[in-house]
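S.K.: Attaching a single structure in structure tokens format; questions to follow.
The values are calculated or read from the model by the stated rules, or taken from the named source; none is laboratory data. Small disclaimer: the values here were computed from a predicted structure and weren't measured. A quick note on method: Cβ atoms are made from the backbone with ideal geometry, for glycine too, and the neighbour counts reach across all protein chains shown.
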Amino acid sequence: MADGSAQYTDGPTTLLASINGPIEVKPRDEIPLEAFLEITIRPSAGVTSVREKHLEALLRSAVSPLIIRTINPRTLFQITLQIIQHEQVSAAHALHTLLASAIVVVVLALVDAGVPMKGMLAAAFVEGADGSAAHVFGYAITGGGGREGGGPKEGLVFVESDGVFDEKGFVEASEVGRKKCLEVGELMKGWVREKIGRDMKYRLK
């Protein structure tokens, strides 16, 4: 039984994320002043490959700064991401299409689990006009919710790019990404509002 979970569908991609923690950590992974973060990605078929391991590393770099890990030192937060469906819209940049959706669903699962966070992160995939470049932009959509100096201000806080592009192409892509992230952010805020409403209704019964 997970402490929190969320499912997210973006076009042909459907992902399910679950969170467990804070729980007991193995002695070898114990960190004296903060919680250890473990991320596991399971493909829709077959066994975990280098692609999933690379995605785990990228996902960690995106969501780790959001979690206030010092509140629960010497413990473990387990993040498990199950790829339910993923039809490659862009064969050349399949990893990036997955990364954007993975960030969104993991953030929602963290909120569902009640993990202490500095804010939320909305992400969007943007492909270059000629298909030679791919970008994943992450925008902080809420701030001031953390207990340690407040959360990040709204704005661009994460970028992962691949392929060939120039400065003009990147600027154009970042503007498209900003608009997409704002749209995704509104959906995420709506999801959180509905969750709070359900939780409050349950408590008042």
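This table checks each residue for (1) among the aliphatic types (A, V, I, L, M); (2) over 21 Å from Ile141 (Cβ atoms).
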residue	(1), (2)
Ile68	yes, no
Pro73	no, yes
Thr80	no, yes
Ile84	yes, yes
Leu98	yes, no
Ala102	yes, no
Leu108	yes, no
Pro116	no, no
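S.K.: Shifting gears a bit: Of all residues in region 5-45, which are of a type in the set (Gly, Ala, Ser) and either surrounded by fewer than 17 Cβ atoms within 10 Å (Cβ to Cβ) or out of contact with any helix residue (DSSP H, G or I) (no Cβ under 8 Å at 6 or more places or on another chain) (or both)?
M.R.: Across region 5-45, the qualifying residues are Gly11, Ser44, Ala45.
Let's see how each residue does on (1) over 27 Å from His135 (Cβ atoms); (2) among the small types (Gly, Ala, Ser):
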{"position": "Asn20", "(1), (2)": "yes, no"}
{"position": "Arg28", "(1), (2)": "yes, no"}
{"position": "Ile31", "(1), (2)": "yes, no"}
{"position": "Gly46", "(1), (2)": "yes, yes"}
{"position": "Leu59", "(1), (2)": "no, no"}
{"position": "Ala62", "(1), (2)": "no, yes"}
{"position": "Pro65", "(1), (2)": "no, no"}
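S.K.: What is the one condition in (1) out of contact with any strand residue (DSSP E or B) (no Cβ under 8 Å at 6 or more places or on another chain); (2) of a type in the set (A, V, I, L, M); (3) closer than 18 Å to Ser18 by Cα; (4) surrounded by 15 or more Cβ atoms within 10 Å (Cβ to Cβ) that Ala102 does not satisfy?
M.R.: If we test Ala102 against (1) out of contact with any strand residue (DSSP E or B) (no Cβ under 8 Å at 6 or more places or on another chain); (2) of a type in the set (A, V, I, L, M); (3) closer than 18 Å to Ser18 by Cα; (4) surrounded by 15 or more Cβ atoms within 10 Å (Cβ to Cβ), just (1) comes out false.
S.K.: Let me ask something else. How many of the residues in region 14-39 are assigned to a strand (DSSP E or B) and closer than 17 Å to Ile67 by Cα?
M.R.: Here the count works out to 11.
S.K.: Among the candidates Val115, Val111, Val105, which residue alone is touching a residue at least 60 places away in the same chain (Cβ under 8 Å), closer than 27 Å to Arg198 by Cβ and touching a Lys or Arg at 6+ places or on another chain (Cβ under 8 Å)?
M.R.: None of the other options fit; the residue is Val111.
S.K.: Name the residue, out of Ala100, Ala173, Ala109, that is over 18 Å from the mean Cα position of the chain (by Cα) and either modelled with pLDDT of 95 or more or under 20 Å from His54 (Cα atoms) (or both).
M.R.: Ala173
S.K.: Please find, within region 58-102, the residue that is nearest to Glu127 (Cα to Cα) out of those that are in contact (Cβ under 8 Å) with a residue 60 or more places away in the chain and of a type in the set (Gly, Ala, Ser).
M.R.: Ranking the qualifying residues of region 58-102, first place goes to Ala92.
S.K.: Return the pair list, or none, for Cβ contacts closer than 8 Å from residues in region 35-57 that are within 18 Å of Phe77 (Cβ to Cβ) and at pLDDT 90 or above to residues that are assigned to a loop (DSSP other than H, G, I, E, B) and among the charged types (D, E, K, R), at least 6 apart or on different chains.
M.R.: Pairs found: Ala35/Arg74; Phe36/Glu30.
S.K.: Being of a type outside the set (A, V, I, L, M), modelled with pLDDT under 95 and within 13 Å of the chain's Cα centre (by Cα) is the requirement here; does Thr142 meet it?
M.R.: No: the conditions fail for Thr142.
S.K.: Now a separate question. Does region 50-65 contain at least one residue that is in contact with a helix residue (DSSP H, G or I) (Cβ under 9 Å, 6 or more places away or on another chain) and at positive phi?
M.R.: no
S.K.: I would also like to ask the following. Restricting attention to region 152-168, does a residue exist that is part of a helix (DSSP H, G or I) and either over 28 Å from Gly128 (Cα atoms) or modelled with pLDDT of 85 or more (or both)?
M.R.: yes
S.K.: For residues that are charged (D, E, K, R) and assigned to a loop (DSSP other than H, G, I, E, B), scanning just region 46-89, find the one that is surrounded by the most Cβ atoms within 10 Å (Cβ to Cβ).
M.R.: Looking at residues that are charged (D, E, K, R) and assigned to a loop (DSSP other than H, G, I, E, B), I get Arg74.
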